[in-house]
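Asker: I am attaching a structure below and will ask some questions about it afterwards.
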Amino acid sequence: MELTVETLTTWMNDFEAKIAAKKAYLSDLDTPIGDGDHGNNMARGMRAVTEALATKNPADLTTGLKLVAMSLISKVGGAAGPLYGTAFLEMAKKSNTTAELSELLEAAVLGIKQRGGAELGDKTMVDVWEVVVPEHAAGQLTSEKIAQAVEATKELVAKRGRASYLGERSVGHLDPGAVSSGYLFEALLETEGELK
Amino acid sequence: MELTVETLTTWMNDFEAKIAAKKAYLSDLDTPIGDGDHGNNMARGMRAVTEALATKNPADLTTGLKLVAMSLISKVGGAAGPLYGTAFLEMAKKSNTTAELSELLEAAVLGIKQRGGAELGDKTMVDVWEVVVPEHAAGQLTSEKIAQAVEATKELVAKRGRASYLGERSVGHLDPGAVSSGYLFEALLETEGELK
Amino acid sequence: MKKIMNDPSNVVSEMVAGLVSAYPTYLTQLPETTAVVRADRASMQGKVGLVSGGGSGHEPAHAGFVGDGMLSAAVCGQVFTSPTPDQIYEAIKASDTGAGVFLIIKNYSGDVMNFEMAKDMAELDDIKVSSIVVDDDIAVENSLYTQGKRGVAGTVLMHKILGAAADQGANLAEIEALAKEVMPHLKTLGVALSAATVPEVGKPGFELADDEIEYGVGIHSEPGYRREKLQPSKELVAEMLTKLDEALQFDATKKYAVLINGMGATPLMEQYIFSNDVFNWLKAKDITPVFSKVGNYMTSLEMAGISLTVLELADEKWLEYLNYQVDTIAW
Amino acid sequence: MKKIMNDPSNVVSEMVAGLVSAYPTYLTQLPETTAVVRADRASMQGKVGLVSGGGSGHEPAHAGFVGDGMLSAAVCGQVFTSPTPDQIYEAIKASDTGAGVFLIIKNYSGDVMNFEMAKDMAELDDIKVSSIVVDDDIAVENSLYTQGKRGVAGTVLMHKILGAAADQGANLAEIEALAKEVMPHLKTLGVALSAATVPEVGKPGFELADDEIEYGVGIHSEPGYRREKLQPSKELVAEMLTKLDEALQFDATKKYAVLINGMGATPLMEQYIFSNDVFNWLKAKDITPVFSKVGNYMTSLEMAGISLTVLELADEKWLEYLNYQVDTIAW
Ligand SMILES: Nc1ncnc2c1ncn2[C@@H]1O[C@H](COP(=O)(O)OP(=O)(O)O)[C@@H](O)[C@H]1O
Ligand SMILES: Nc1ncnc2c1ncn2[C@@H]1O[C@H](COP(=O)(O)OP(=O)(O)O)[C@@H](O)[C@H]1O
Ligand SMILES: [Mg+2]
Ligand SMILES: [Mg+2]
Ligand SMILES: [Mg+2]
Ligand SMILES: [Mg+2]
């Protein structure tokens, strides 16, 4: 699928709604193994994203992706801000040469990994992105696969981010950034579904 | 009676023993209407006094009184230190012209009142000194009169010292400095008794 | 009682030892005392010496204000207990370079008496000594206290102003006159969220519920004038500035200095928020303080709370003195 | 939660407003940010700019170290939360006078990522930017942490040394080389008696019993390495200096600087007593630090506790830099 600025807007509005609905849940997930702010951080950031898209009405995809990135970067803060922000910034850069969603998402994964230095298995959002993006590229992404990837973070020992300070004690908890990333891809599936 | 350096030493040793025995009681009295340190302050000071008298062996009364004064001044601290210290310093000064105990004590009372600015009825040690010293001069001091003077501080409202911060709430408590002053005069009565 | 210490009865001597070890270029301990004098004695030459002090537990006061342009010496008494005259006397002697010594005393009966005795002792040595008794705390004005008002955080501004004047060569009479002029324009009011624990006593000076504050508490846990539910910072500020306004009669044509002082356990974040409310309240009265400072200057061990000092700058020079260069640990 | 504040979600903006109101001659707030820059911009002319910052709650860090001879600007994030890159970017722009800007970053994933992004943004503007990641906390060396060591109070000494070098005209490459040389010689270890409460969270980061302490706690209530019964100061010092000795290999022929840092609620009296024990312990090893400082420099809101930083002065110049003149609110 080629991403357009209109599709991007639908996707982001949907993601915003999911985050808003799950704000407290995400912060609760961040409490035992983090500092309890992930839901608030993401809700603040996504509100800014949808507001920016609505008021600035970006003319093209690159401008739209940049706007999403800048809103996230300047409103989320902490670790999630630069990570989500980088993902969309890399997509914006890539969109100068292609609008193919799978290529954009691949650039995003690379950006997240480079920004945060996390690898698969470190119990971060990378554990969702790295699993989900190739499935999406292959046209095989389903809700179940997203849920599986999210769920898989539960048994991991955190190696990056705040949860890593807990070492073994991080086992048994879902990673909040992985859960919010799951919502992002759920929203994408829904957006794509609407288009079909 | 004329005070001598020997009598002074007996007096002070006796006072020290009383204070040491009543240390905890004096601090307890200082707790509801003060800062709970009067017994400790006086015990520390009187230990220093008797030690100084024993080791320095003053040759004459003036030197002896000065030694008592300086020990109290440098070891007691707070309000009681300068007050008791001044009493003995004034006695030392006066002893240059007379050794008559009643004259020395009169000088002491004036010194205390001038140093602390308290008057009769302000619920301080002055309420003992000002009542007891004239009785002593008249040769009519008894244990009962000392006890009466001390007891009378109970119903007063404090106007000076820490207890004054409590205003009306200071009523119903003995003044700790009045109690320790009572011991000083008890010790004096005993010292004079031994001499007879 | 949860404190970083060793023996509760040695806290003052260990504290002074730790202080002079850490700051040997600022402070020298006077032999056999817990008094400290400027390490740089040359900086005092020919100038009036300034000696302050009192019970310990108010750190950085008073030793933290010893240095070029401020105090000559500070005497550290036992915790919340006036130092003895012999210690004060040593500090006076160490501070005199011939121009005399000025004592800055807070209005507590023990302090006043012990400093006065030390003054008597020094005068026997032909050292000229005069003094001011600082009583800036307006909390107790309308109460039964007859000891008069207490001396609290405003003392630090007194140190600074007199220190600058002394450094610029004011003589003893001029210093005394200056202190007397400043005093009526210097007012402070405090609020406590929790009390201090004297190490040798082992329990807090008073107890406040989890949602209670006490307006007007003294720096030794002396009772205040009202106990109340915790208020937002804005309302604390309004209460305190209203009282200070009554005392000083704020006037937009006049100039003011402000000292926001943490009592020990209150973090700077809260002090800065309080500061914001102070500036906003004053702004609504068309007043912008021309000098201000926020931090822990006159504390009460681990008491949580803030005091607010306002000094009406009745003389242009006082502002110069406040801004005058100084080299101390804590100003 | 008993705090002097208004709305928990506004603490940072109110704090910054209160800070710049109180110190207008030191700090200017950058429009639409919670970042501050030196009010005296002329003092930065032609020199490498130094930018630091991080989550708020560590006051006086970092804004208190902005001023002539130290930082150019500081960025105040939400409480214990890294500031966003756009704010850092504004601070970088305000600090650049053509000689480039050096970033002092504490080793937390959020801080590192946000500062790096800001660096990328500034480089697009052709501002030369380089940086150091401070990781002085030795508490977590042998644990499972893979984020690496945390950046804590030693950061303040890094600010001071780099600030002096920048003021003396060192170029960006020299500043970076200096920072890299200093870093391995800078080690810190902390102990907590109680935890901090983030205003928006409303309860302490962890709970300690009345007689418990935690060695190695971080400045955001990160877990330490051992929980234990409260020890006398002497024993806290022995434990901490033994660990620092392992890390630095103390050597009586070498020179050391020491920073004793209060975590927020611990009074100076306790810090000075701790200082006395530090100096005594080192003396027994024939070491007398040539530079030392005691006070609240890198706090953790109202956490009670102390951290101890030792810097081995591998280069004579570092001592000169530590002693170099400086004009900030809090150094
Ligand atoms: N280095 C990293 N790489 C990838 N993801 C990370 C990294 N650090 C943290 N995260 C993600 O960020 C999430 C936490 O975000 P958030 O709570 O908003 O930030 P903070 O930890 O600063 O409070 C984690 O659950 C994890 O998924
Ligand atoms: N101004 C004063 N004049 C006379 N006596 C006083 C005065 N102030 C205090 N006292 C006496 O001192 C006693 C308290 O002594 P102490 O507890 O040792 O000192 P502090 O009050 O400094 O702790 C009081 O009980 C009272 O008798
Ligand atoms: Mg979080
Ligand atoms: Mg007492
Ligand atoms: Mg006392
Ligand atoms: Mg966070």
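Here, each number is a calculation from the coordinates, and none is a lab measurement. Predicted model only: the values in this text are computed from it and were never measured. Note that we place each Cβ from the backbone using ideal geometry, even for glycine, and neighbour counts take in every protein chain shown.
Asker: Using amide H atoms built 1.01 Å from N in the peptide plane, name the residues 5+ places from C:LEU313, or on other chains, whose amide H lies under 5 Å from its own.
Answerer: C:LYS255, C:TYR256, C:ALA257
Asker: Using θ = phi - 60° and the Karplus relation 6.51 cos²θ - 1.76 cosθ + 1.60, list the HN-Hα couplings for the stretch C:207-218 in order, rounded to whole Hz, with x at every Gly or Pro.
Answerer: Going residue by residue, I get 10, 10, 5, 4, 10, 10, 10, 10, 6, x, 5, x Hz, with x marking Gly and Pro.
Asker: Put +1 on the Cβ of each Lys and Arg and -1 on the Cβ of each Asp and Glu in chain C; which of C:THR34, C:GLY64, C:GLY46 then has its Cα farthest toward the positive end of the dipole?
Answerer: It is C:GLY64.
Asker: While we're here: If packing is taken as the mean number of other Cβ atoms within 10 Å per residue, what is the order of C:179-187, D:190-198, C:298-306, highest first?
Answerer: Going by the mean number of other Cβ atoms within 10 Å, highest first, we get C:298-306, D:190-198, C:179-187.
Asker: How shielded is B:150-162 by partner chains, expressed as the average number of their Cβ atoms within 10 Å of its Cβ atoms?
Answerer: Taking the mean over all residues of the peptide, I get 2.
Asker: OK, next. May I ask for the distance between the Cα centers of the stretch C:266-291 and the stretch A:34-87, given as a whole number of Å?
Answerer: Computed from Cα coordinates, the inter-centre distance equals 34 Å.
Asker: So, one more: Note the angle between two axes, namely the Cα long axis of helix B:61-75 and the longest principal axis of the Cα atoms of chain B, as a number of degrees from 0 to 90, rounded to the nearest 10.
Answerer: Helix B:61-75 sits roughly 30 degrees off the main axis of chain B.
Asker: From the backbone phi of the stretch C:267-272, what are the Karplus-calculated ³J(HN,Hα) couplings (6.51 cos²θ - 1.76 cosθ + 1.60, θ = phi - 60°) in whole Hz, Gly and Pro given as x?
Answerer: With coefficients 6.51, -1.76 and 1.60, one gets x, 4, 3, 5, 5, 5 Hz.
Asker: Next up: Averaged across A:68-76, how many Cβ atoms of other chains sit within 10 Å of each residue's Cβ atom?
Answerer: Partner-chain Cβ atoms within 10 Å, mean over residues of A:68-76: 3.
Asker: In chain D, which residue puts its Cβ closest to the axis that turns chain D onto chain C, and how many whole Å away is it?
Answerer: D:ALA265, 2
Asker: Distances from D:GLU32 to the same residue in each other copy, label points 7 Å out along Cα→Cβ, in nm, shortest first?
Answerer: Nearest first, the other copies' label points are 7.0 nm away.
Asker: What is the residue of chain B with the smallest Cβ distance to the axis taking B onto A, and what is that distance in whole Å?
Answerer: Per the Cβ-to-axis criterion, the result reads B:ASP35, 22.
Asker: Between D:GLN168 and D:ASN10, what FRET efficiency follows from the Cβ-Cβ distance if R0 is 30 Å, with the result rounded to 0.05?
Answerer: Details: r = 40 Å, r/R0 = 1.33.
For R0 = 30 Å, the calculated efficiency reads 0.15.
Asker: Among the lysines, select those whose C-alpha is under 16 Å from the C-alpha of B:LYS75, and discard any that sit fewer than 8 residues away in the same chain.
Answerer: Straight-line reach from B:LYS75, under 16 Å: B:LYS23, B:LYS66.
Asker: While we're here: Taking only DSSP H segments of four or more residues, each worth -39500 (n - 2.57), what value at 222 nm results for the protein assembly as shown once the sum is divided by all its residues, to the nearest 500 deg cm²/dmol?
Answerer: Here the helix-only value at 222 nm equals -15000 deg cm²/dmol.
Asker: Take each of the peptides D:247-253, D:79-85, average the number of other beta-carbon atoms within 10 Å over its residues, and list them starting from the highest. Please list the in-between numbers first.
Answerer: Working: D:247-253: 13.3, D:79-85: 27.1.
Ranked from most to least packed, the peptides come out as D:79-85, D:247-253.
Asker: Between copies, how close do the C:LYS283 label points come, placed 7 Å along Cα→Cβ, listed in nm from shortest?
Answerer: 5.1
Asker: Cross-link candidates for C:LYS283: which aspartates and glutamates have Cα within less than 15 Å, leaving aside residues fewer than 8 places away along the same chain?
Answerer: Correct list for C:LYS283: C:ASP245, C:ASP251.
Asker: Now a separate question. Which part of the stretch C:80-102 falls in the paramagnetic zone of C:GLN45, meaning amide N under 20 Å from the point 7 Å along Cα-to-beta-carbon?
Answerer: Within reach of a label on C:GLN45, which here means backbone N under 20 Å from a point 7 Å along Cα→Cβ, the stretch C:80-102 contributes C:93-101.
Asker: Which entries in D:LYS160/D:LYS293; C:LYS3/D:LYS187; B:LYS123/B:LYS145; C:LYS119/C:LYS160 show an alpha-carbon gap greater than 19 Å?
Answerer: C:LYS3/D:LYS187; C:LYS119/C:LYS160
Asker: Tell me, how many Å apart are the Cα centres for the stretch C:1-55 and for the stretch B:123-196?
Answerer: First find each Cα centre; the distance between them is then 38 Å.
Asker: Here is a further query. Of the listed peptides D:62-71, C:167-176, what is their order by residue-averaged count of other C-beta atoms within 10 Å, with the highest listed first?
Answerer: Averaged packing, sorted descending, gives the order D:62-71, C:167-176.
Asker: Give the shape of the stretch C:79-203 as rounded, prolate or oblate, defined through the alpha-carbon gyration tensor: a ≥ b ≥ c are the square roots of its eigenvalues, a/c under 1.5 means rounded, and otherwise the shape is prolate if a/b is larger than b/c and oblate if not. Working shown, then result.
Answerer: Values: a/c = 2.07, a/b = 1.39, b/c = 1.49.
Because a/c hits 1.5 or more and a/b fails to exceed b/c, the stretch C:79-203 counts as oblate.
Asker: Sticking with this structure for a sec: Can you give me the distance in nm between label points at D:LYS254 and B:LEU110, each placed 7 Å from the Cα along the Cα-to-Cβ direction?
Answerer: 7.0 nm
Asker: Right, another one. As a quick test, which of the pairs C:LYS203/D:LYS234; C:LYS2/D:LYS234; A:LYS22/D:LYS149; C:LYS203/C:LYS229; A:LYS18/D:LYS2; C:LYS2/D:LYS254 have an alpha carbon distance above 26 angstrom in this structure? Present the calculation step by step, with values, prior to reporting the outcome.
Answerer: On the way: C:LYS203/D:LYS234 22 Å; C:LYS2/D:LYS234 15 Å; A:LYS22/D:LYS149 33 Å; C:LYS203/C:LYS229 23 Å; A:LYS18/D:LYS2 35 Å; C:LYS2/D:LYS254 36 Å.
Over 26 Å apart, Cα to Cα: A:LYS22/D:LYS149; A:LYS18/D:LYS2; C:LYS2/D:LYS254.
Asker: Taking beta carbons within 10 Å but only from partner chains, what does the mean come to for residues C:4-14?
Answerer: The per-residue average across the peptide is 6.
Asker: For C:LYS2 paired with A:GLU119, estimate the spin-label separation in nm (one decimal), with each label point 7 Å from Cα along the Cα-to-Cβ line.
Answerer: 4.1 nm
Asker: Along Cα→Cβ at 7 Å, what distances in nm separate the B:ASP60 label point from those on the other copies, shortest first?
Answerer: Result for B:ASP60, in nm, nearest copy first: 11.0.
Asker: Can you spot the aspartates and glutamates whose alpha carbon is less than 13 Å from A:LYS94's alpha carbon? Ignore those fewer than 8 places along the same chain.
Answerer: Of all the aspartates and glutamates, those that pass the test against A:LYS94 - Cα under 13 Å, at least 8 places apart if same chain - are A:GLU2, A:GLU103, A:GLU106.
Asker: Give me the one-decimal nm value for the distance between modelled label points at D:ALA238 and C:ASP286, 7 Å along each residue's Cα-to-Cβ direction.
Answerer: My value for the distance between the label points is 6.7 nm.
Asker: Using the Karplus curve 6.51 cos²θ - 1.76 cosθ + 1.60 with θ = phi - 60°, work out ³J(HN,Hα) for each residue of the stretch A:46-51 in order, rounded to whole Hz, and write x for Gly and Pro.
Answerer: For the stretch A:46-51, the Karplus curve yields 6, 4, 5, 4, 5, 4 Hz.
Asker: Classify the stretch B:1-144 as rounded, prolate or oblate from the Cα gyration tensor: take a ≥ b ≥ c as the square roots of its eigenvalues, call it rounded if a/c is under 1.5, otherwise prolate when a/b beats b/c and oblate if not.
Answerer: oblate
Asker: Can you tell me the dipole magnitude for the stretch C:10-183 around its Cα centre, using point charges on the Cβ only (Lys, Arg +1; Asp, Glu -1), in Debye to the nearest 20?
Answerer: Roughly 240 debye for the stretch C:10-183.
Asker: Follow-up. Give the order of A:ASP28, D:ASP96 when sorted by the count of other beta carbons within 10 angstrom, beginning with the fewest.
Answerer: Numbers: A:ASP28 14, D:ASP96 22.
Starting with the residue having the fewest Cβ neighbours, the order is A:ASP28, D:ASP96.
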